[in-house]
1. Using 7 Å Cα-to-Cβ label points, what is the A:ASP115/C:LYS44 separation (nm, one decimal)?
2. Work out how much length A:SER144 to A:LYS162 would gain on full extension: take 0.36 nm times their residue separation and subtract the Cα-Cα distance, in nm to one decimal.
3. Would you work out if segment B:1-72 is rounded, prolate or oblate? Take a ≥ b ≥ c from the square roots of the eigenvalues of the alpha-carbon gyration tensor; rounded if a/c is under 1.5, else prolate when a/b is larger than b/c, oblate otherwise.
4. Below 25 Å Cα-Cα, how many Lys pairs turn up in chain B? Only count pairs eight or more apart in sequence, or on different chains, if you could.
5. Looking at the square roots a ≥ b ≥ c of the eigenvalues of the Cα gyration tensor of segment A:2-136, which shape do they give, rounded for a/c under 1.5, prolate if a/b is larger than b/c, or oblate?
6. Once label points are set 7 Å from the Cα along Cα→Cβ at both A:ARG43 and B:MET290, what is their separation, rounded to one decimal in nm?
7. Compute the length gained on full extension between A:ASN20 and A:LYS8: take 0.36 nm times their separation in residues and subtract their Cα-Cα distance, giving the result in nm to one decimal.
8. Round to the nearest 10 and give me the degree value, 0 to 90, for the angle of helix A:125-136's Cα axis relative to the longest principal axis of chain A.
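Taken together, the values in this text are just the output of simple stated rules run on the coordinates, not laboratory data. Note that the structure is predicted; figures quoted are calculated from it, not measured. Cβ atoms come from the backbone with ideal geometry, glycine included; neighbour counts cover every protein chain shown.
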Amino acid sequence: MLSKLSKKCFPKSLWVYHCNSGACNGCDIEILNVLTPYYDVERFGIKLVGSPRHADVMLLSGAVTRPTLPLVKRAYEAIPAPKLVFGIGSCATGGGCWFDTYNVTGGADKAIPVDYFIPGCPTKPEAIIYGVALALGLVDKKASPIELKQMEFPIDSYEMNKAWEERNVIYQLIKD
Amino acid sequence: MDIVYSLINVVIFILFAPLFEGVVRKLTARVQSRQGPPVIQPYFDILKLLGKTRINSADNWPFKLAPVMALASIVAVVFIIPFGFRQNFASRYVDIITVVYLLTLGGVSVLLGALSSKNTFAMIGASREMVTMIMVEPVLAMTLILGAVKFKSLALQSAMFNVTGFGYSVSIILMLVVYLLALQAFVGKQPFDISEAEIELLEGPFIEYSGPNYALFKYYMMIKQMFYAFLFVSVFIPFVETGFYFADIVIQLAEILLVFVVIALVGSTNPRFRIDQAVKYYAVMIFLSMCAVGLSVRGF
Amino acid sequence: MWLTSKIKQVLMVLKPGVVTLKYPFVPRPAPENFRGAPYWDHTKCIGCGGCSNHCPARTIMVRDICQEIRVMLYDGSRCTYCGRCADVCPEDAIEMTKNYELATGDKNDITETMELFMLTCQRCGRCYEMETSNAIDKMDLRGYRYDNLETRTVIRKTTDQFDTSVLRETAQYKRPEKI
């Protein structure tokens with residue numbers, strides 16, 4: 001019974017540990033912005049803690065560089081289950097511009113299993129709050145793959161538009 | 001009948017302590033112009049912490065014993081205090097020295113947990129917590145001794161409730177001011193939250209605790225806060241006493257809420273002191289409290 | 001004296017009140033000139049590949065699956081939203097929208113695929129007159145491109161005529177192992 005109650009209370013109070021694995025600090029400053037009065041994220045019950053042993057969620061920013069790879073894994077293992085990982089910024093989502101350089105592992109999901117990606121360079125604080133609200137189940141997901149197919153020639157659509165114009169001109173003349 | 005009063009004490013303290021902590025957090029947020037968490041947030045925090053897996057990062061018996069000992073000591077203190085002006089089961093056997101010892105036992109268990117964590121940050125946090133405990137204890141003892149000197153007895157009832165029976169004399173007013181100025185260090189909030197400095201020391205002595213152990217420590221801190229607020233209310237403002245037990249409880253809880261509002265306002269507008277600045281501030285407080293006891297011995 | 005300044009500090013807070021935005025429950029538009037996710041207008045795109053050549057994170061892949069159809073894939077996982085693709089597009093087909101709500105659990109959700117029908121030259125199949133005056137042609141790339149779409153790799157291997165052996169070989173391209 002206590003474990004069911006704990007599971008229900010888990011989304012209402014998430015404690016966050018911030019880990020920077022070789023980022024330029026742009027995304028770190030935006031994470032700090034999210035805790036200021038303007039975009040207050042503490043109204044969802046989220047608190048920033050200093051030790052991974054107290055935390056539930058790890059915020060990872062930065063493309064995981066080679067020296068920080070074992071440290072990120074150790075910090076991930078220090079968090080007690082149940083846990084979530086958020087990858088913030090383009091560097092954590094796929095490695096950014098440096099995804100195949102010599103020093104970079106490229107993206108957070110090559111080091112630890114990631115639950116939510118929040119792209120952006122740097123990520124807008126509203127985008128981080130949107131990602132958090134998505135994880136808590138307060139909003140619906142808006143990103144989806146887009147497929148576009150061009151199946152007619154551009155010259156054909158131009159001529160079709162001209163034909164419609166001429167037709168409307170004739171109707172105008174008939175009405176008058 | 002007396003044991004029922006003790007059990008009601010324990011139940012009330014366990015139920016209401018997180019609510020007052022939530023009031024403190026919400027008021028701190030409002031002073032900083034933001035919306036803040038809902039008032040019942042600490043209940044969610046503790047329930048969530050109890051549901052996490054337990055990681056024993058240091059595998060020795062003091063590490064596992066420390067949170068349980070802390071919570072047990074503070075619940076023992078709550079069991080024996082006369083809440084609501086009623087003598088209870090343990091009043092025949094205890095006096096004010098027991099209360100001081102049990103409170104110190106709580107602090108010692110925090111130290112035990114911190115020093116057995118095998119972590120450098122925890123060691124620094126533990127040394128600062130030791131200094132805080134040493135400087136706080138004389139003021140606490142002087143507060144309780146004031147009543148004992150007036151009535152020439154060490155019983156709890158006389159030290160806590162009958163101090164102002166003869167009116168507010170000079171020594172009592174001096175002691176009231178000293179207690180208010182020293183209240184922030186008792187409860188561990190700014191400007192004196194040196195040992196649990198969040199960003200400086202990565203949460204100080206509790207750095208290696210996770211999940212259920214940390215929930216027990218957090219509960220210990222919350223009940224300790226509520227106990228100190230109750231001590232202020234019972235020693236210095238006991239003049240509202242109706243005969244009904246439940247009316248007394250409600251009035252005392254409302255007064256404790258006012259003390260918590262003061263704690264929150266002072267805590268959110270002050271920076272954090274360094275350890276040497278805090279010790280100098282406290283030396284003045286200790287001197288003033290000893291003056292107050294000396295005045296009451298002389299009859300003022 | 002410090003007491004009155006603290007009391008003044010608390011009273012000063014009463015004027016602005018609570019300034020928190022109610023963001024996830026109330027929509028908040030992005031400011032002017034904000035660069036969100038790029039969006040291709042497939043009716044205007046001519047399939048030149050200029051955006052792919054200029055992307056600093058090599059996020060846009062171009063692959064010719066047969067002589068007439070060119071597939072372009074935008075993989076948003078590495079995009080830094082710099083806007084160079086929109087800047088260099090000769091037809092203004094790329095627009096940096098103001099959409100920043102891109103959080104997702106699956107990296108395939110932020111991709112955009114386009115299939116374009118390429119006109120063939122009446123005489124020779126698919127070659128165009130090589131000018132040397134604009135930036136795109138100065139990169140010395142020939143007509144057909146074979147980037148690998150599954151491993152999201154940009155391979156700058158180009159040929160004059162459509163070549164099925166190169167198509168097959170680049171379909172099995174693997175990135176070099178490191179670490």
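1. 4.1 nm
2. Computed gain between A:SER144 and A:LYS162 is 3.0 nm.
3. oblate
4. 20
5. Cα axes put segment A:2-136 in the oblate bin.
6. Placing both labels 7 Å along Cα→Cβ, they lie 5.2 nm apart.
7. Net length gain for the segment: 1.3 nm.
8. Compared with the principal axis, the helix lies near 70 degrees.
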